[in-house]
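A quick write-up on the structure given underneath.
Values quoted throughout were computed directly from the atomic coordinates according to the rules given, and no laboratory measurement underlies them. Nothing here was measured: the structure is a model prediction, and the numbers come from that model. Every residue, glycine as well, gets a Cβ built from its backbone with ideal geometry; the counts of neighbours run over all protein chains shown.
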Amino acid sequence: LSRVHNNQREIESLSRDCAHLVQQHVRSTAKWTKLVDQFNDALKELGDVRNWAQVIERDMLDVAATLELVHSSLHPNNLAEASAGDST
């Protein structure tokens with residue numbers, strides 16, 4: 001009977017140790033999950049910035065092309081003079 005009682009105390013002690021380790025693991029996992037979520041948010045923000053920069057670049061190219069068309073339609077002789085200057 002004493003042996004059973006000792007085994008029971010040992011099992012209870014191991015059970016407490018195991019519960020403590022599980023709690024540590026839960027806290028550690030929560031920290032890692034938070035870090036991964038923050039990393040994913042940062043990656044999404046970088047993707048948003050990259051997309052924004054590409055949109056701005058396309059818009060600026062469109063503006064530059066439009067300005068060239070407007071300039072050439074307002075000053076058609078400048079293109080002819082520039083071409084004549086290049087051939088001499």
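Summary table
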{"quantity": "Length gained when the stretch LEU43-ARG9 is fully extended (0.36 nm per residue, less Cα-Cα span)", "calculated": "7.1 nm"}
{"quantity": "Extended-chain gain in nm, criterion 0.36 nm per residue less alpha-carbon gap, ALA53 and SER2", "calculated": "10.7 nm"}
{"quantity": "For the chain, alpha-carbon Rg over 2.2 N^0.38 Å", "calculated": "3.01"}
{"quantity": "Extension gain from TRP32 to THR66, taking 0.36 nm per residue of separation minus the Cα-Cα distance", "calculated": "7.1 nm"}
{"quantity": "Farthest toward positive dipole pole in the chain [+1 Lys/Arg, -1 Asp/Glu at C-beta], among CYS18, MET60, ASN77", "calculated": "CYS18"}
